Structures are given as structure tokens and as C-alpha cells.
Amino acid sequence: MKVVAIASYKGGVGKTTLTANIGAAIARLGKRVLMIDLDPQANLTFSFYPAEVWRLELADQRRTVKAWFESWRPDTTPPPLAGYVTTPPTAAEVIAPGGGRLDLLASHLALGDVEMDLTARLGGAQAHRSTRHYFEVYERLATGLASFDAQPYGARPYDLVVIDCPPHFGVVTRAAIAACDHVLVPARPDLLSTLGVEHLLGKIGRFVWEYNRVGELQSGVHPAVKRLDPRVLGVVFMMVQYYRGRPTSFLRRHIDQITELGVPTFTSMIRSSHRSFAGTGDAYLPAVLSPDTPYDVACELVDLVEEFLRRLGASGLGEGGIGDWRGEI
Ligand SMILES: Nc1ncnc2c1ncn2[C@@H]1O[C@H](COP(=O)(O)OP(=O)(O)OP(=O)(O)O)[C@@H](O)[C@H]1O
Ligand SMILES: [Mg+2]
């Protein structure tokens with residue numbers, strides 16, 4: 001099971017769009033994919049469920065990531081995540097015939113309460129890292145994901161977990177970093193996004209260092225804590241403006257700036273297409289599954305997913321490549 005956190009410091013750069021499309025594309029290849037919506041805006045959740053269905057069938061039934069976080073009691077292991085997961089029906093109709101599965105751990109508009117509770121548990125935003133609840137908070141999501149390996153959930157656990165993070169580096173985002181083995185960073189080709197990438201990677205680096213250091217210091221009390229070593233899979237440029245069929249030269253400058261930081265960038269990128277991404281709200285299908293997606297955008301999505309699998313070392317996702325799929329678009 002590979003776990004990829006999709007994170008950025010800046011809002012509106014395409015985290016949710018990437019999570020939905022990468023998750024759906026790989027599920028359509030016959031893999032088992034879990035998407036986790038960690039953002040209280042719940043945009044990922046609402047891209048698969050109408051608000052009323054979310055309220056009645058998920059929020060009221062306590063099938064959200066908020067309910068899972070809140071069901072935990074001190075000094076116990078978190079309850080298995082499987083009981084909180086749902087399968088969005090419109091996407092399942094397209095995906096199931098290929099043998100894949102696309103599940104969602106939905107968010108909740110009040111997920112901010114969890115952020116506050118966890119921060120309080122740590123002893124506040126400026127908490128010293130020696131707090132005794134450090135791993136209880138930061139290891140919780142990783143422990144939840146490990147529960148899929150431990151129980152018979154269908155025939156086998158997920159091949160891939162993609163986590164849609166909120167646009168800041170709070171406790172919940174840090175718990176996602178502690179649970180993932182790769183980070184994917186979407187960015188728009190503009191100066192603020194470039195600065196945001198640098199800031200995010202600095203924050204991740206410091207958190208990983210701190211986590212491993214606390215692990216050493218508390219090794220007597222928490223001998224089983226795993227050292228973190230998440231890899232940056234790369235920066236993906238989203239909403240790229242094209243001029244006469246090619247990305248504007250402006251883009252090159254931003255790619256160079258990010259490369260100079262020593263960060264890998266994806267060759268594939270996604271053009272700005274309001275029709276494909278912003279206008280599909282009522283279909284509850286990501287662009288990669290929609291028959292209405294224009295051919296050029298569909299090709300860019302396929303290229304991106306191919307590159308994602310290559311960079312991830314797709315062997316971990318089981319046999320079977322993306323080869324036949326291109327014929328379907
Ligand atoms: N390639 C694209 N072309 C045009 N619009 C896009 C594209 N990708 C995403 N969008 C739209 O841009 C908006 C922001 O995208 P998205 O929600 O994926 O960003 P985000 O990083 O998750 O935002 P937030 O930080 O608020 O969670 C959405 O309305 C989305 O539909
Ligand atoms: Mg989002």
C-alpha cells in the first residue's frame with residue numbers, strides 16, 4: 001500500500017482536483033484506491049456527493065474522518081478506519097467493471113474542531129516537542145491506515161491511498177505527512193506558488209527532523225515509532241495557460257525556479273480548462289472519468305497518471321500498466 005499526501009501551502013492550486021483525478025484514474029486501471037479528505041472545506045467529498053446526501057448518509061451516520069478522529073480514546077489504538085469509509089456510487093459505476101475500487105474517507109465541515117482538539121492535546125500551537133502526547137497525535141492517522149493491513153477488508157488492502165490536505169501546515173496535515181511515504185505538490189506557475197513550494201518543503205523537512213528526533217528522545221517509552229523519510233514525488237504544474245497550443249514562456253521561468261530549489265518537477269502538466277474542471281460540479285465524476293472531458297485535457301491527465309506511476313515505482317501497485325487505457329479516451 002503506497003500512501004501519497006497531496007499538499008501545498010497555497011490554496012486553490014489543484015490539490016483536490018489532483019487527488020480526485022489521480023485516485024479515479026488508478027482505480028479505473030483495476031487498482032484499489034482510498035482517497036482521504038482532510039480539508040474542512042470538504043471539496044473532495046462534495047465533488048463525489050451532493051451536499052444533502054453527505055449530510056444524511058455520511059455526516060449524520062458518523063462516516064467521516066472527523067467521526068473517526070473523535071472516536072479515539074486515550075491510551076487505546078484508534079478504531080479501524082474501514083468502518084468509516086464510503087464508496088461514491090457515480091464513480092463506482094464507471095470503475096467497478098474494470099475490477100477496481102475507489103473509496104473515500106469523507107471530510108466534515110467541522111473538521112476544524114479536530115485540528116483544535118489535537119493541537120490542545122499537544123499542549124498548544126507552540127507546544128514543546130517533548131510533549132508526552134506527541135506520537136499519540138501525529139502517529140494516529142498512520143496507525144489508522146495500518147488497520148487496513150490487519151483486517152480482512154475485501155480480498156486485499158488498498159493499493160494506493162491519496163490524501164487531500166488542507167492548504168496549511170497544521171496538526172492534521174502533519175499527521176498526514178507522518179502517515180505518507182510520498183508527497184505530491186501541485187503548483188500554479190506564478191510567483192506565490194513558487195514561494196509556497198519552498199515554504200512547504202521547508203516545513204515538511206523541519207517536521208520530519210523533529211519527529212525523528214522526538215522518536216530518538218522517547219525511544220524508551222515509544223520503541224516502535226518508525227523513522228519518517230517521505231519522498232517528494234514532484235511538483236505538478238496545474239492550470240497552465242497555453243498560447244498557440246503551447247505553455248507560455250512564463251511557465252519556463254517558474255519551472256526553472258523550482259528546479260533550482262532541487263525539487264523534482266513533473267514533465268506532464270494540466271492546462272487551464274474551466275470547462276473540464278470547474279464546470280463538472282453536478283456530475284459527481286472527476287474529469288478523468290467523464291465522457292465530456294475534451295481530448296487534449298484527457299491526454300494530459302493520462303500522461304500525468306503515467307508519470308505519477310513511474311515516479312512512484314508502480315511495482316508496488318501490483319501488475320498491470322496503463323497501456324491499454326489510452327485507447328479508451
Ligand atoms: N486545470 C484547471 N483549469 C481550470 N480550473 C481548474 C483546474 N484545476 C482545478 N480548477 C478549479 O480551480 C479551483 C481550485 O482547485 P482545487 O479545489 O483543486 O484546488 P485546491 O488546492 O484543492 O484548493 P484549496 O486549497 O482551497 O483546497 C476549483 O474550482 C477547481 O475546479
Ligand atoms: Mg482542496
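The values are calculated or read from the model by the stated rules, or taken from the named source; none is laboratory data. Quantities reported herein were computed from a predicted structural model and do not represent experimental measurements. Please note: Cβ atoms are built from the backbone with ideal geometry, for glycine as well, and neighbour counts cover all protein chains shown. Side chains are part of the model used for accessible areas, which takes the heavy atoms of the whole protein and leaves out ligands, DNA and RNA. Shrake-Rupley method; radii C 1.70, N 1.55, O 1.52, S 1.80 Å.
Note that region 180-194 has calculated 3J(HN,Hα) couplings of 9, 10, 9, 10, 10, 10, x, 8, 8, x, 9, 4, 4, 5, 4 Hz, one per residue in order, obtained from phi through the Karplus relation 6.51 cos²θ - 1.76 cosθ + 1.60 (θ = phi - 60°); glycine and proline are x. Straight-line cross-link partners of Lys203 among the lysines, defined as a Cα under 21 Å from its Cα and at least 8 positions apart when in the same chain: Lys10, Lys15, Lys226. Going by alpha carbons, how many degrees (0 to 90, nearest 10) lie between the helix axis of 15-28 and the longest principal axis of the chain? Roughly 80 degrees between the two axes.
Relative contact order for region 130-256 using alpha-carbon pairs under 8 Å, separation at least 6, rounded to a whole percent? Intermediate results must be reported in sequence, preceding the final value.
Numbers: 106 pairs, mean separation 36.8, N = 127.
Once divided by the residue count of region 130-256, the mean separation gives 29 percent.
Between Lys66, Lys226, Lys203, the Gaussian network model of the chain with springs among Cα atoms under 10 angstrom shows the greatest mean-square fluctuation at Lys226. Annotation: per residue accessible area for the chain equals 45 Å², rounded to a whole number [probe 1.4 Å, protein chains only]. Packing here is the average count of other Cβ atoms within 10 Å per residue, and on that basis the peptides 173-183, 43-53, highest first, run 173-183, 43-53. Sorting the segments 30-42, 79-91, 100-112 by their mean number of nearby beta carbons within 10 angstrom, highest to lowest, gives 30-42, 100-112, 79-91.
Can you give the % of DSSP beta bridges in region 2-319 that are antiparallel, to the nearest 5? If you can, show how the numbers build up before the last one.
Numbers: 3 of 29 bridges.
Counting DSSP beta bridges with both partners in region 2-319, the antiparallel share is about 10 percent.
When you work out D = kT/(6 pi eta Rh) for the chain at 20 °C and 1.002 mPa s, using the Kirkwood radius from C-alpha pairs as Rh and the Stokes-Einstein form, the result is 106 µm²/s.
Counting Lys and Arg as +1 and Asp and Glu as -1 over every other residue whose Cβ lies under 12 Å from the Cβ of Thr119, the net charge comes to -1. Amide H contacts of Thr265 (H built 1.01 Å from N, in plane; Pro and chain starts excluded): Val235 sit under 5 Å, all sequence-distant by 5 or more or on other chains. Helical runs assigned H by DSSP (4 residues or longer) give the chain a calculated mean residue ellipticity at 222 nm of -11500 deg cm²/dmol, each run adding -39500 (n - 2.57) before division by the residue total. Expressed as a whole percent, the accessible surface of region 2-319 that belongs to carbon and sulfur atoms is 52, based on a 1.4 Å probe. Can you tell me the 0 to 90 degree angle between the C-alpha axis of helix 140-150 and the longest principal axis of the chain, rounded to 10? Between helix and principal axis, roughly 80 degrees. Judged by the mean number of other Cβ atoms found within 10 Å, the most tightly packed of the peptides 18-25, 235-242 leads the ranking 18-25, 235-242.
Using alpha-carbon pairs under 8 Å, 6+ residues apart, how would you state the relative contact order of the chain in percent? Let's see the in-between values first.
Working: 564 pairs, mean separation 84.6, N = 329.
Contact order relative to length: 26 percent.
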